[in-house]
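All of the numbers you see were taken from the coordinates with simple rules; none came from a lab. The model shown is predicted, which means the values in this text are computed figures rather than measured ones. Ideal geometry is used to build each Cβ from the backbone, glycine not excepted, and the neighbour counts take in all protein chains shown.
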Amino acid sequence: MIFKETKLKGCFIIEPKVFSDNRGYFMESYNKEIFDSGIGEPVNFVQDNQSFSSRGVIRGLHYQIGNHAQAKLVRVLSGRVLDVAVDLRKGSPSFGEYVAVELSGQNKKQLYIPRGFAHGFAVLSETAEFFYKCDNYYNKESEGGILYNDSTLNINWELPLSEHLISEKDSVLPKFKDANL
C-alpha cells in the first residue's frame, strides 16, 4: 500500500497494490500492521458501515464529538464519489480547510480521516456503493454536522446544483461558524 498524507495533517490517501489478470483482480484492502505503520499510529477499527446511493446524493458533512469522535477509513466498492474531509481541530494550522478526493471502484483509493474531522461525499456516477470502517461506535447524542454548501467552506461538489439530492436532516445542518465543535 502507498500512503500519501494530504495537506491536512493526519489525513491520508491510500492506494492499495492491485494484482490483475484476465480473471479479474485481487487486492488487500486492509492490513492492521501495514495500516498503522503507514499512518504512523495505531488505530483500532470497531465498526463497519456501508451505503448505497444514486447520482447527485450528497451525504454530510457529519462528525461525532467528544469521547465518541470517530476516525474513518473510507472506500468505494462500485461507482464514483467525491469524498470530502474538513478539519475541525481547533488550533490546527488547517482548521476549516478541506480535502476532496475522487474514490471509485475503479481506482480503489481509500481515504483515512482521523478524529476531529467532518466527512461527506457526493455521488458522481449513476450509483455508488460506499464502505467505511470506524474506530468508535456511533452515538446519536454526540452527532454533529455542518451544512454541505456553507459558503465559508466553499466546497466544489463537482455536481450541478440542480442534481444535488440532500436529506431533510442534512439540509438543515448549521453553518460552519455555528457548528458545535
Amide H to amide H under 5 Å from residue 97: which residues, 5+ apart in sequence or cross-chain, H placed 1.01 Å off N in plane? 87
Exposed trypsin sites (Lys or Arg not before Pro) being those in a DSSP loop with at most 16 other Cβ atoms within 10 Å, the longest stretch of the chain free of them is 91-174
Say a site is exposed when it is one of the GluC sites (Glu not before Pro), sits in a DSSP loop, and has at most 15 other Cβ atoms within 10 Å; what is then the longest site-free stretch of the chain? 29-96
Applied in sequence order to the stretch 44-55, the curve 6.51 cos²θ - 1.76 cosθ + 1.60 (Karplus, θ = phi - 60°) yields integer Hz couplings, x standing for Gly and Pro, of 10, 6, 10, 8, 10, 10, 9, 9, 10, 9, 9, 3
Quick one: net charge around residue 50, please, counting Lys, Arg +1 and Asp, Glu -1 for every other residue with C-beta under 14 Å from its C-beta. +2
More than 28 angstrom separation, counting every C-alpha pair in the chain; what % is that? 20 percent
